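The structure under discussion appears below in the form of C-alpha cells.
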Amino acid sequence: MAFLDTINAKLIELLGPFGPLIAVGMLGVLLILLVLPALMQQKADPLDKLKASSRANMANTPERLRASKGTDKLDKYSSFLEPQDVEEYTAIRLKLIQAGYRTKSAVKTYHFAQFSLGIILLLLGVAYAIYSSQTGDPSTKATVMSILGPGLAGYYLPRYWVNKRQGERQEEMINGFPDSLDMMLVCVEAGQSLDQSIIRVAHELKAGFPALAEEYEMVSNEMKAGKDKTQVLRDMSERCGVSDIASFVTVLIQSQQFGTSIAEALRVFSAEMRDKRVMRAEEKANTLPTKMTLATMMLTVPPLLIILIGPSVYNIYETLQAANF
C-alpha cells in the first residue's frame with residue numbers, strides 16, 4: 001500500500017489532482033493500441049469461413065462483393081472492419097451507395113475512418129486533459145468530457161458526412177426528376193426507344209443534375225450488358241432511395257408487363273411529378289412566415305420597446321435623481 005501511495009502522490013504532483021485518473025485512462029488507451037494489431041491479424045477459423053461461404057451462396061447475399069482480390073490495403077483487416085452480419089453489411093453498403101460511394105472497399109473505408117478518427121481525437125483529448133491539468137485545476141466532469149468528447153465526435157463524424165451526402169444526392173434527384181421525365185417523354189414521342197431515351201437524358205442531365213445522370217447511365221450500361229430490364233429498374237429504385245423514382249419504376253414495369261403505351265404512362269406521370277414539385281414549392285413558401293416570426297419578433301420588438309418606453313424610463317430616472325438631491 002505504501003508503494004501505491006507513493007505512486008499516487010507522484011502522479012498528483014506531476015499531473016495535478018486528476019493525475020491518477022489521467023494515468024488510468026492513458027494506460028487503457030495504451031492497452032487497446034497494443035491489443036488491436038493482434039486482433040486485426042488474427043486468422044479466421046476455416047470452419048467459420050466455410051459456414052459463411054455456404055450461407056452466402058444459399059441466401060444469395062452480397063458476400064461475394066466483399067473480396068477485392070488483394071488490391072485493397074485494408075483487405076487483411078476486413079474481418080475486423082466489416083460487419084459480419086449480412087443484414088447490417090447490406091444496410092451500410094446501401095447507405096454508402098445512396099451517398100455516392102460505390103467501390104467494393106467503401107464499407108471497409110467507412111469503418112476504418114470511424115475507428116481511426118475516434119482513436120486520433122481520443123489521444124488528442126487525453127493530451128489536452130494533461131495540459132489543462134498542469135496549467136489549471138479542471139473539474140472531473142470537464143476532464144472526462146475533454147477526453148471522451150473528441151473521441152465520440154471523431155467516431156460519429158463519418159456517419160454524419162455520409163448521411164449529409166445521402167440527403168444532398170436524394171434532394172438533387174428529387175429536384176431534377178420531373179425535368180428528366182419531360183425530356184424522356186420528348187425522346188419517346190420522337191420515335192426513340194426507352195433505352196435510347198435514357199441514354200440521351202443521361203447525357204443532357206450531366207451539367208445540372210450529375211447524380212441523377214449517373215443513375216441513368218448505370219441503367220443504360222446494365223441494359224446494354226444484357227441484364228433483365230425489370231431487375232435493372234428495381235436496382236435503380238433501390239440505389240436512389242427516392243419515393244418518386246420508386247413510383248416511376250413501378251409504372252414502367254407495369255407498362256411493360258401489360259403492354260400499354262410507355263409514352264402515355266410517361267405523359268401522365270411527368271404531369272404528376274410537375275404538380276408535386278409545385279406543391280413542394282408552395283409548402284415551403286407557406287412555412288416561410290412561420291419560420292420568420294421568431295426572427296421578426298427578435299429584430300423588431302426590442303427596438304420598438306426601446307423607442308416607446310425608453311424616454312419614459314429616462315424621465316423616471318431623472319425624476320428619482322432630482323428627488324434624491
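For residue 119, the solvent-accessible surface with a 1.4 Å probe is about 40 Å², rounded to the nearest 10. Taking the protein heavy atoms of region 193-325 in the context of the full set of protein chains, the accessible area attributed to carbon and sulfur is 63 percent at 1.4 Å.
Couplings 3J(HN,Hα) of region 225-231, computed from phi: 6, x, 6, 4, 5, 4, 5 Hz, in residue order, whole Hz [Karplus 6.51 cos²θ - 1.76 cosθ + 1.60, θ = phi - 60°; x for Gly and Pro]. Computed packing ranks the peptides 86-95, 301-310 as 86-95, 301-310, most packed first, by mean other Cβ atoms within 10 Å.
Phi angles of region 232-239 translate, via the Karplus equation with coefficients 6.51, -1.76, 1.60 and θ = phi - 60°, into HN-Hα couplings of 4, 5, 5, 5, 4, 4, 6, 5 Hz per residue; Gly and Pro are given as x.
Sequentially through region 110-119, phi angles give Karplus couplings (6.51, -1.76, 1.60; θ = phi - 60°) of 4, 6, 5, 5, 4, 5, 5, 5, x, 5 Hz, Gly and Pro residues having no value and appearing as x.
The values are calculated or read from the model by the stated rules, or taken from the named source; none is laboratory data. Fair warning: this is a prediction, and the values are worked out from it, not measured in the lab. Here the Cβ is made from the backbone with ideal geometry for all residues, glycine too, and neighbour counts use every protein chain on show. Just so you know, the surface numbers come from the protein's heavy atoms only, side chains and all, with ligands and any DNA or RNA stripped out. Shrake-Rupley method; radii C 1.70, N 1.55, O 1.52, S 1.80 Å.
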